[in-house]
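What follows is one structure encoded as structure tokens, with my remarks underneath.
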Amino acid sequence: MVVLNRVQRRSAFSLKDIEHIIQLPVRYLLPDAVPEISQAVHNGVALEGSSPLPKQTERIADDMLGDKKVHKNSNVVRRFVEYFSISPARESRWS
């Protein structure tokens, strides 16, 4: 799988030229987003999901996952006593 990074509209090579040179199909194109990334780093925040770079990154991640769905675990509420329970594996070390 080939990911072409920092793609600009006006490039010296067309996509077909690049694929011909490397003899592989380009699967994903990531847009050049230097100002956007610099601003996000400066502000200490994630890139906004509405811009092209995060959208394409999310698409790549979804394709990599395929049919596997990622489910966030809901906040598991533990009782106070559970923090002090001893697991069977730990118990066997002391026997």
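The values are calculated or read from the model by the stated rules, or taken from the named source; none is laboratory data. All values derive from a computational prediction rather than experimental measurement. With ideal geometry, Cβ positions are generated from the backbone for all residues, glycine too; neighbour counts draw on all protein chains shown.
On the given criteria, is ARG6 modelled with pLDDT of 75 or more, surrounded by 10 or more Cβ atoms within 10 Å (Cβ to Cβ) and not in a helix (DSSP H, G or I)? Taking the combined requirement at face value, the residue satisfies it. Considering only residues that are more than 12 Å from ARG6 (Cβ to Cβ) and in contact (Cβ under 8 Å) with a residue 24 or more places away in the chain, look in region 23-42 and name the one that is nearest to the chain's Cα centre (by Cα). The selected residue is TYR28. Inspect all residues belonging to region 45-54 and state whether any of them is in a loop (DSSP other than H, G, I, E, B), without any contact (Cβ under 8 Å) to a residue 24 or more places away in the chain and either within 13 Å of ARG6 (Cβ to Cβ) or touching a Leu at 6+ places or on another chain (Cβ under 7 Å) (or both). Yes, region 45-54 contains at least one residue that is in a loop (DSSP other than H, G, I, E, B), without any contact (Cβ under 8 Å) to a residue 24 or more places away in the chain and either within 13 Å of ARG6 (Cβ to Cβ) or touching a Leu at 6+ places or on another chain (Cβ under 7 Å) (or both).
Summed over region 22-44, residues that are in contact with a Leu (Cβ under 7 Å, 6 or more places away or on another chain) and in a loop (DSSP other than H, G, I, E, B) total 1.
Conditions (1) at pLDDT below 90; (2) small (Gly, Ala, Ser), marked per residue:
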residue: SER11; (1), (2): yes, yes
residue: ASP17; (1), (2): no, no
residue: GLU58; (1), (2): yes, no
residue: LEU65; (1), (2): yes, no
residue: ASN75; (1), (2): yes, no
residue: GLU82; (1), (2): yes, no
